[in-house]
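For reference, the structure discussed in these notes is given below.
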Amino acid sequence: MNLDRPRVMGVLNVTPDSFFDGGRYFEPSIAIAHGLSMAEQGADILDIGGESARPGALPVSLQEELDRVLPVIETLRRQIDIPISIDTSKPEVMRAAVAAGAAMINDVNALRSPGALTAAAEMGVPVCLMHMQGQPRNMQHEPSYSNVVEEVLEFLQARVDAALEAGLSPNQLVLDPGFGFGKTLMHNLELLNQLKQLVGLNYPVLAGLSRKSMLGRILKSEDEDRLAGSLTLSILACQQGVHIIRVHDVAPTLQALRVLEAANLKQDPQPGRRTA
Ligand code: 8Y7
């Protein structure tokens, strides 16, 4: 995938308890329709997940996770052209999802689960390695760092080393600071302001900021009212060179990116039209 311009990854949760969807996309047919809709809106990638990473969320069984995601991947694979990413930490789900047509692995646990490095090395698809302090069950209890930016970079560098050691290729790797995963608002804002440092490691960088609780903290708003804040955060990330943004609202994000691109290029996207 050409990453010269930022790419949009659409979030497709197939869980009854995810951050925002709150079970609305649990039915395979509803999840599939939502995936088709994001593809139509212009998503570059779809990220399909069957286990919620919401703070406080409990793990789901292997069979339950497979039952949730596989029918959705199999059907969407046949109906859309864009790559499908599997959001999982379980090596068995990675393997089954890739066999069903997934072209990327998004692992919030950065391949730390037993067998995950080997599975990813064998499959050879791109992998997103994300930083998380703690586990979803307890990660927001008391996040603590002496220097959040340094510690996140060190963690990701160590996971890159482990991945290369396990036989993954450097051009398979994507890095993610893991906004909201064991971080206070201040930690998230510091990371957001220093994203250039992560981009400087010279791997593609993915950022997920869409509708996250940091916006609730800033805006004191409920989930439903986070679109403008989400767009602002995504644009700030892309302005620092982030390559992929993971979002719920595909069409508005693409609009915001078109505006950013025009501003950066100082170019009229519709030359010849006599308007402002
Ligand atoms: C992220 C993510 C979630 C993120 C990556 C949510 C699965 C929480 N957030 N994966 N997943 N980065 N790579 O709000 O920030 O969507 S779940």
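Quick notes on this structure:
- Full extension of the segment from Q79 to Q197, taken as 0.36 nm per residue of separation minus the current Cα-Cα distance, would add 38.7 nm.
- Calculated mean residue ellipticity at 222 nm for the chain: -13000 deg cm²/dmol, from DSSP H runs with n ≥ 4 weighted as -39500 (n - 2.57), summed, divided by the residue count and rounded to 500.
- Taking the average, over residues, of other Cβ atoms within 10 Å as the packing measure, peptides 9-15, 60-66, 31-37 rank 9-15, 31-37, 60-66 from highest down.
- Diffusion coefficient (Stokes-Einstein, Kirkwood radius over C-alpha pairs, 25 °C, 0.890 mPa s) for segment 202-275: 182 µm²/s, rounded to a whole number.
- Shape call, segment 1-148: gyration tensor on alpha carbons, a/c limit 1.5: rounded
- Estimated FRET transfer efficiency (R137, E261; beta-carbon r; R0 35 Å; 0.05): 0.30
- With all protein chains in place and a 1.4 Å probe, the accessible surface of the chain carries 51 percent carbon and sulfur.
- The heavy atoms of I80 offer some 20 square angstrom of accessible surface to a 1.4 angstrom probe.
- All Cα pairs of the chain, percent lying beyond 29 Å: 28 percent
- Modelled label positions at L236 and L62, each set 7 Å beyond Cα in the direction of Cβ, lie 4.2 nm from each other.
- Per residue, the chain exposes an accessible area of 47 Å² to a 1.4 Å probe, with every protein chain left in place.
- Within a straight-line Cα-Cα reach of under 20 Å, K212 can be paired with the following lysines, leaving aside sequence neighbours fewer than 8 residues apart in one chain: K183, K220.
- Look at where the Cα atoms of segment 78-102 and of segment 170-222 average out, and the two centres are 24 Å apart.
- Within the chain, DSSP assigns beta bridges of which about 0% are antiparallel (rounded to the nearest 5).
- Farthest toward positive dipole pole in the chain [+1 Lys/Arg, -1 Asp/Glu at C-beta], among M9, H131, V108: M9
- Proximal charge balance of Q63 [Cβ under 15 Å; K/R count +1, D/E count -1]: -2
The values are calculated or read from the model by the stated rules, or taken from the named source; none is laboratory data. As the structure is a computational prediction, the values presented were derived from the model and not from experiment. Ideal geometry is used to build each Cβ from the backbone, glycine not excepted, and the neighbour counts take in all protein chains shown. These accessible areas exclude ligands, DNA and RNA; they are computed on the full protein's heavy atoms, side chains included. Shrake-Rupley method; radii C 1.70, N 1.55, O 1.52, S 1.80 Å.
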